[in-house]
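Below is one structure, written out as structure tokens; the observations come after it.
The values are calculated or read from the model by the stated rules, or taken from the named source; none is laboratory data. Predicted model, so just to flag it, every value in this text is computed and none were measured. Cβ: placed from backbone, ideal geometry, glycine included. Neighbour counts: every protein chain shown.
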Amino acid sequence: MSVITYRQALRDTLRAEMLRDEDVFLIGEEIGVFEGSYKITEGLLKEFGERRVRDTPIAEEGFVGTAIGAAMLGLRPVVEVMTINFSLLAIDQIVNHAAKVYGMFGGQTSVPMVIRTPGGGGQQLGATHSQNIELFYSFIPGLKVLAPSGPADAAAMLRAAIRDNDPVLLLENLGLYNSKGEVPEDDEPVAEIGRAAVSREGSDITLIGYSRMASVATQVAQSLAEEDISVEVIDLRSLRPLDRETIVESVCKTGSAVIAEDDWLTYGIGAEIAATIQEGAFDFLDAPVRRVAMAEVPLPYAKPLESAALPSAESVTTAVKETLNAVGRRVG
Amino acid sequence: MHYTTAHEDTELIQLLTPDGELREHPDYPLDISAAEVRGLYRDLVLVRRIDTEAVALQRQGELGLWASLLGQEAAQVGSGRALRANDMVFPSYREHGVAWCRDVDPWELLGLFRGVTNGGWDPNEHGFQLYTIVIGTQNLHATGYAMGVQRDGALGDDGTAVISYFGDGATSQGDTNEAFNFAAVNNAPVVFFCQNNQWAISEPLERQARVPLYQRALGYGFPGVRIDGNDVLATLAVTRRALRSAREGQGPTLIEAFTYRMGAHTTNDDPTRYRVSAEIDEWKQRDPILRLRAYLANQGMATDTFFAEVDTEADQLGERVRDECRALADPEPLDIFREVYAEPNSHIDRQRADFAEYLASFEDAGVTEGR
């Protein structure tokens with residue numbers, strides 16, 4: 001084990017997969033000479049050359065579309081979309097082609113492509129550069145959407161995504177790139193796509209998150225433990241396919257649930273999780289399912305306003321306590 | 001607004017006039033035997049027959065939809081016959097004539113339009129991808145595929161050239177323009193084959209562009225050529241050269257095949273509501289089959305017996321197309337889950353199991369009622 005950042009875990013895994021498989025190549029804007037806006041591709045152009053690391057014109061639809069064509073030839077492109085906001089420019093190629101070529105070509109041509117892209121606010125990047133729109137892709141049959149919350153998962157999920165024969169969107173997070181965690185050094189774990197993790201066991205309430213909010217959920221659970229509240233944390237890890245069994249099993253055990261999400265509330269990922277809970281654990285619920293999400297406004301640029309709009313450890317903690325109060329357990 | 005029409009365009013490459021006279025062109029020498037010209041004539045007639053039958057089958061309720069190629073046979077056969085086995089085609093949804101040249105059975109196309117299959121032919125075996133319905137998107141796939149070919153070093157005389165088919169409407173799409181740019185900066189081995197049939201459903205060319213379409217290529221930094229798309233010989237010669245140039249690593253070419261969609265956009269629209277019949281009458285004078293037939297006859301390259309034999313073959317093919325279409329088997333309801341993901345998937349497994357149970361509940365009910 002070594003302790004490295006989320007950024008380093010992604011970068012090391014890209015390199016290892018490129019060494020392992022000649023067909024793996026990187027494509028995107030500013031990924032070569034500039035080494036990526038968030039330096040995930042640092043040193044890779046120097047090591048592998050332009051044949052494996054392709055800087056493209058500044059045109060998202062263009063480089064996603066050409067990556068699909070390369071995947072149809074049998075190559076394994078790993079596309080970097082600088083932030084998920086820019087994926088809006090490529091949404092037709094992602095939704096109508098990456099997700100549908102396999103079916104519309106009669107199951108004869110798969111698209112083994114990865115789109116790596118960070119979401120996340122909190123960086124003072126303004127409303128157009130701070131969105132969490134993974135829901136758009138999680139909605140689409142034919143796509144897979146993974147959302148690692150820590151360095152070990154980032155490595156294992158990127159590895160799984162590259163080796164998978166379907167198009168996978170790997171949701172990274174601007175707020176997680178510098179987070180640190182233990183990552184196995186020698187073996188190369190490959191994540192099972194579609195499997196959530198119980199990242200902390202507990203008995204009083206289930207707290208569900210993904211990406212940055214899974215990390216926040218763990219912090220909340222740790223601090224509530226000091227108040228003798230036992231929170232079970234579920235890290236969804238995969239938004240499509242969704243691991244409904246793990247969610248339902250946990251809520252059946254604890255009897256209540258709070259969902260923490262970085263996207264907007266209405267129609268958000270949490271709505272699907274809440275529906276999953278009422279379908280699978282209705283008879284076990286002792287209180288209404290709560291959702292904590294971003295204020296439904298374009299995310300402000302001003303720091304105090306941006307902080308006010310985003311969900312936080314405090315807002316999640318409050319929701320957990322209010323839910324437990326509703327259950328009848330009086331807590332702070 | 002002024003836009004150039006074919007007859008006033010001095011840059012139009014034409015080898016065979018509408019009257020069937022051969023005109024030599026210094027840049028595009030024609031290297032073709034009499035037997036090959038007869039073969040092209042046969043292709044044109046048979047492809048038109050397939051199209052005619054398919055329109056009729058749609059009218060009879062046998063197909064959900066058909067996109068007719070009537071009038072565009074020469075653009076498709078000329079370019080299709082310019083291809084080599086190793087080349088790869090990215091079609092739109094109207095390239096039935098190119099499919100014919102790539103040995104895709106016509107009833108495989110009918111299977112798509114009847115909706116009983118999403119596939120039917122192996123794109124790698126035929127060097128012909130499946131149809132793409134969204135306008136212009138395949139230009140990016142073709143470009144990316146070509147960049148991959150280039151990356152793999154599969155160029156040279158026995159290498160692979162990629163060709164992408166699209167219409168005049170697609171030239172307005174961002175995907176097409178991004179594909180032109182990506183192909184240019186990467187010098188990708190791709191030929192962009194635009195069939196300018198003058199109409200994007202109801203929108204005429206002057207609503208798409210203020211410059212002749214082939215001139216777009218110059219702005220991106222590669223050659224653009226306008227050909228008479230109703231002249232199968234010019235189409236063959238120009239496409240051969242563009243494909244060779246791609247294979248030899250000289251990068252992309254845009255070919256604008258100036259032609260006309262004689263029928264509807266698809267069987268879902270009525271072109272008499274948006275265009276005048278005089279235009280159609282004018283284009284009938286430039287029919288691709290009549291001019292080749294006149295050339296063959298005038299040159300003594302084909303006899304009446306040959307023309308009669310081709311007509312008989314077309315009748316036989318028409319009958320086969322009708323029979324094969326009606327014999328296409330309907331898919332099973334559970335097939336909807338079959339081709340969503342290449343890998344096993346828990347969402348799909350759950351849905352399939354639920355739906356199978358739902359279907360089984362009807363079977364049980366049916367047995368009870370039967371008794």
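Could you please give the count of residues in segment A:127-162 that are of a type in the set (A, V, I, L, M) and part of a loop (DSSP other than H, G, I, E, B)?
The first filter runs over segment A:127-162 and keeps only residues of a type in the set (A, V, I, L, M), leaving A:127, A:133, A:135, A:140, A:143, A:145-147, A:152, A:154-158, A:160-162.
From what is left, the residues that are part of a loop (DSSP other than H, G, I, E, B) are A:133, A:140, A:143, A:147.
Count: 4.
Residues of segment B:331-342 that are touching a residue at least 24 places away in the same chain (Cβ under 8 Å), over 26 Å from the mean Cα position of the chain (by Cα) and in a loop (DSSP other than H, G, I, E, B): B:Pro331 alone. Go through (1) touching a residue at least 60 places away in the same chain (Cβ under 8 Å); (2) more than 14 Å from chain A (Cβ to nearest Cβ); (3) buried (at least 22 other Cβ atoms within 10 Å of the Cβ); (4) among the small types (Gly, Ala, Ser) one by one and return the number of the condition B:Ala146 breaks. Failed condition: (2).
When segment A:110-124 is filtered for residues that are under 30 Å from B:Asn124 (Cα atoms) and in a strand (DSSP E or B), the ones remaining, listed by number, are A:Val114, A:Ile115, A:Arg116.
Would you confirm whether or not segment A:107-118 contains a residue that is of a type outside the set (Val, Ile, Thr), buried (at least 19 other Cβ atoms within 10 Å of the Cβ) and more than 14 Å from chain B (Cβ to nearest Cβ)? There is at least one residue in segment A:107-118 that is of a type outside the set (Val, Ile, Thr), buried (at least 19 other Cβ atoms within 10 Å of the Cβ) and more than 14 Å from chain B (Cβ to nearest Cβ).
Hey, among the residues in segment B:86-106 that are acidic (Asp, Glu) and over 10 Å from the mean Cα position of the chain (by Cα), which one's surrounded by the fewest Cβ atoms within 10 Å (Cβ to Cβ)? Before the answer, list the steps.
Kept after step one, since they are acidic (Asp, Glu), are these residues of segment B:86-106: B:87, B:95, B:103, B:105.
With over 10 Å from the mean Cα position of the chain (by Cα) added as a condition, the list becomes B:87, B:103, B:105.
Numbers: B:Asp87: 21, B:Asp103: 12, B:Asp105: 16.
Applying the filter and picking the extreme gives B:Asp103.
Would you confirm whether any residue within segment A:68-90 is over 19 Å from B:Tyr341 (Cα atoms), over 22 Å from the mean Cα position of the chain (by Cα) and of a type outside the set (Lys, Arg)? Checked segment A:68-90: no residue is over 19 Å from B:Tyr341 (Cα atoms), over 22 Å from the mean Cα position of the chain (by Cα) and of a type outside the set (Lys, Arg).
Scanning segment B:272-309 for residues that are within 23 Å of B:Leu22 (Cβ to Cβ) and assigned to a loop (DSSP other than H, G, I, E, B) yields a total of 8. Can you name the number of the only condition in (1) in a loop (DSSP other than H, G, I, E, B); (2) more than 14 Å from chain A (Cβ to nearest Cβ); (3) in contact (Cβ under 8 Å) with a residue 40 or more places away in the chain that B:Ser79 fails? Looking at each condition in turn, B:Ser79 falls short on (1). For segment B:166-196, taking the residues that are acidic (Asp, Glu) and part of a helix (DSSP H, G or I), the one that is farthest from A:Ala98 (Cα to Cα) is identified as B:Glu178.
If you take the residues of segment B:146-204 that are over 17 Å from B:Thr259 (Cβ atoms) and of a type in the set (Asp, Glu), which of them is nearest to the chain's Cα centre (by Cα)? Selected residue: B:Asp175.
How many of the residues in segment A:270-306 are assigned to a loop (DSSP other than H, G, I, E, B) and within 24 Å of the chain's Cα centre (by Cα)? Walk me through how you get there before you give the answer.
To start, the set of residues in segment A:270-306 that are assigned to a loop (DSSP other than H, G, I, E, B) comprises A:285-289, A:295-302.
Among the residues that remain, those that are also within 24 Å of the chain's Cα centre (by Cα) are: A:289, A:295-301.
Within segment A:270-306, residues that are assigned to a loop (DSSP other than H, G, I, E, B) and within 24 Å of the chain's Cα centre (by Cα) number 8.
Can you name every residue in segment A:103-120 that is closer than 20 Å to A:Leu10 by Cβ and at pLDDT below 95? Residue satisfying the conditions is A:Gly120 alone.
A quick yes/no check of all residues on (1) within 25 Å of B:Arg338 (Cβ to Cβ); (2) more than 7 Å from chain A (Cβ to nearest Cβ):
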| site | (1), (2) |
| --- | --- |
| B:Trp107 | yes, yes |
| B:Val116 | yes, yes |
| B:Phe128 | yes, yes |
| B:Tyr131 | yes, yes |
| B:Ile135 | no, yes |
| B:His141 | yes, no |
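In the set (1) touching a helix residue (DSSP H, G or I) at 6+ places or on another chain (Cβ under 8 Å); (2) assigned to a loop (DSSP other than H, G, I, E, B); (3) away from chain B (no Cβ under 14 Å), A:Glu185 fails one condition alone, (1). In summary, helices (runs of 4 or more DSSP H) completely within segment A:1-88 and bearing 2 or more residues that are more than 11 Å from chain B (Cβ to nearest Cβ) and small (Gly, Ala, Ser) occur at A:6-20.
Of the numbered criteria (1) polar (S, T, N, Q); (2) free of Cβ contacts under 8 Å to residues at least 60 places away in the same chain; (3) more than 27 Å from A:Gly121 (Cβ to Cβ); (4) surrounded by 14 or more Cβ atoms within 10 Å (Cβ to Cβ), the one A:Ser315 fails is (3). For segment B:217-240, the tally of residues that are on the phi < 0 side of the Ramachandran plot, outside any helix (DSSP H, G or I) and not acidic (Asp, Glu) stands at 8. Residue check, B:Ile336 against (1) at pLDDT below 95; (2) surrounded by fewer than 10 Cβ atoms within 10 Å (Cβ to Cβ), all met but one. Which one? Condition (2) is where B:Ile336 drops out. Scanning segment B:107-133 for residues that are over 19 Å from B:Gly148 (Cα atoms), surrounded by fewer than 23 Cβ atoms within 10 Å (Cβ to Cβ), at pLDDT 95 or above and within 14 Å of the chain's Cα centre (by Cα) returns a single hit, B:Tyr131. Checked against (1) part of a strand (DSSP E or B); (2) aliphatic (A, V, I, L, M); (3) facing chain A (nearest Cβ under 10 Å), B:Ile163 meets all criteria but (3).
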